[in-house]
Amino acid sequence: MRRMMLVGRSESGKTTLTQALRGEKIHYSKTQSIHYHEVIIDTPGEYAENKDLAAALAVYSYEADVIGLLISATEPYSLYPPNVTGSVNREVIGIVTKVDKEDGDPLLAEAWLRLSGCEKVFQVSAVTGAGMDPLLAFLMEDIEIWT
């Protein structure tokens with residue numbers, strides 16, 4: 001299985017997605033430091049929101065096979081600039097979270113991720129399980145990974 005680092009704003013659903021991917025019961029837990037799991041690296045939203053902390057994301061990206069940029073379907077704006085994925089030497093995928101929310105706009109969130117450079121985008125709900133199978137299948141693909 002590919003090791004994935006999750007990056008996104010606070011409350012974008014990184015920890016909830018981590019819990020769902022690990023088969024854990026979903027519960028709220030504020031991530032205040034980088035959590036390094038066997039195949040998932042869960043990062044605090046503040047690291048993506050604050051340029052002084054962003055260097056930690058660059059360091060941990062070397063421990064991952066793929067970077068997952070998250071945007072909640074309920075976001076009013078995108079944190080990511082256009083073509084930001086070109087600055088990473090790992091595959092970068094987009095993950096739209098909270099697609100089950102009535103006040104969300106998953107198509108707009110997906111458009112923002114594609115603008116940032118993500119060629120593959122997955123729409124998921126960690127709470128309902130919608131879209132989780134394609135994401136898991138992608139992570140399980142037999143590929144040549146970084147050594």
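Bear in mind these aren't lab numbers, they're just calculated from the coordinates by the rules spelled out. Quick caveat: nothing in here was measured; it's all calculated off a predicted structure.
Taking the three principal axes of the alpha carbon atoms in segment 4-140, the coordinate ranges are 34, 30, 27 Å, sorted in descending order. Compared with the direct C-alpha span, the chain from Val59 to Ala111 gains 16.0 nm at full extension, assuming 0.36 nm per residue. Rounded to whole numbers, the Karplus 3J(HN,Hα) couplings from phi for segment 68-83 are x, 8, 9, 9, 6, 5, 9, 5, x, 7, 9, 6, 9, x, x, 6 Hz, using 6.51 cos²θ - 1.76 cosθ + 1.60 with θ = phi - 60°, and x at Gly and Pro.
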